[in-house]
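Here is the structure we will look at.
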Amino acid sequence: MALPSVSEADFRARLEAAVEQRARTFTNHYTLHVHFQNDDTRADRDADNFKTICAAFGLPQPHEIIIKPTDPSPSWTIQGDFTKMLTAARQAPGRSLVMVHYAGHGSLNHFDRLIFQANQHEPRSVQFADAFLNHVSESSDFTQHDPDVDVVMIIDSCCSGAATRTISPQIPRVVEILAACKADASALGNQLNTSIGGKVRIQNRTFSAKLADIVAKQKGKGEPLSFAEMMGIIDQNSPKIKPFYELLLGSASIRLPFPTQSLTAATKISPSAEAYRAVFSVHLSGALTNDALQDLVKWIRTLDLSMDIKVDAVYQTNSVGLIIEAPFHVYAQLNSLQGIRLVFENTTGNKLPHVNESLDLSRLSLVPLKENVKASQK
């Protein structure tokens, strides 16, 4: 069976876009928050966290959809407001950014699709794809209009990683999803704890809270920030429950300056995001000549010297395999491509050059694998 692979041209285009991090000028901004009224995860706290994020970037305060227990069709309620927002964004002059935030319960239905619920006992649910994703996918009526609209979706729920699916990198507009956890994991919630003195306090440790904290710290440093960089920082500081990111449409994560910054400043990469590294494999379709391979490796290594992107290994038969080390946020923008696979994260670098070359391998008892023994030797 053929392994998934990506063409050299598509890989080059996506990597170059991820490294360049060009800032886009947004003329219009639209923000939307959704949670259930009878939610029992204290999603209202995360609504406040999203408002904090919006305020930090100088975005308008979100339009809130709070689904009432008496709402007969919560999915239609969400779709109605969301599609109106998309229409306004498409019709407005200039480029538009739409940010969506959901906080609360999430689970998988019997089709393994992400659904939202008020609580674990609520029979009614909202399918994420029906409410949001299908309206911005490459086959949607919205996309057929070729709108200058980029969309970011922040999903703070259990199983939120199921919201991601590979669509197409060949569309100029961006759709990216930031998920609190992988499809088979539970997200952290706002828990009530009793502190010293008997006072009850809320332990604000959710995905939304972490994002708000990162944005606040980055604003204080005076550095712009991309959503992929945010995810890299959260991944670095979340050893147990890993967030999940996917760039569904477009070639690079949206990068926003803070209100006091110019768009020129938005080309600078956050040092905190550069420190966290990833090692990943790239399977390129088709063979390359030696000269073409040398050109590709040189291009990768010199694409941005400040990021210190390394090619640790190259393999070739009738296709090409590369082992690359780069900042985690660069890998995150590539992982929706076919043929890209994470090997390690939080790496300390390739230690092979530092291995003692005087190690006497002849002293080791090396037994060939059975499948590598020629028939005549058996």
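Derivation of every value follows stated rules applied to the coordinates shown; laboratory data play no part. As the structure is a computational prediction, the values presented were derived from the model and not from experiment. Note that each Cβ is placed from the backbone with ideal geometry, even for glycine, and that neighbours are counted across all protein chains shown.
Anything over 29 Å Cα to Cα? Flag those among Lys221/Lys242; Lys210/Lys298; Lys221/Lys351; Lys182/Lys217; Lys51/Lys242, in the order listed. Pairs exceeding 29 Å: Lys210/Lys298; Lys221/Lys351.
In what sequence, highest mean first, do 6-13, 221-228 appear when ranked by Cβ atoms within 10 angstrom?
Answer by packing, highest mean first, reads 221-228, 6-13.
As a length-normalised measure over Cα pairs under 8 Å and 6 or more apart, the relative contact order of region 88-179 settles at 33 percent. Taking +1 at the Cβ of each Lys and Arg and -1 at the Cβ of each Asp and Glu, which of Thr87, Gln218, Thr31 sits farthest along the dipole of region 24-268 towards its positive end, judged by Cα position relative to the Cα centre? Positive-end residue among those listed: Gln218. The local environment of Ala131, defined by Cβ-Cβ distances under 14 Å, has a net charge of 0 under the rule Lys, Arg +1 and Asp, Glu -1. The packing ranking of peptides 68-74, 230-236, highest mean first, is 230-236, 68-74, where packing means the average number of other beta carbon atoms within 10 angstrom of each residue. Packing, as the average of other Cβ atoms within 10 Å across residues, places the peptides 304-317, 95-108, 37-50, 132-145 in the order 95-108, 37-50, 132-145, 304-317, highest first.
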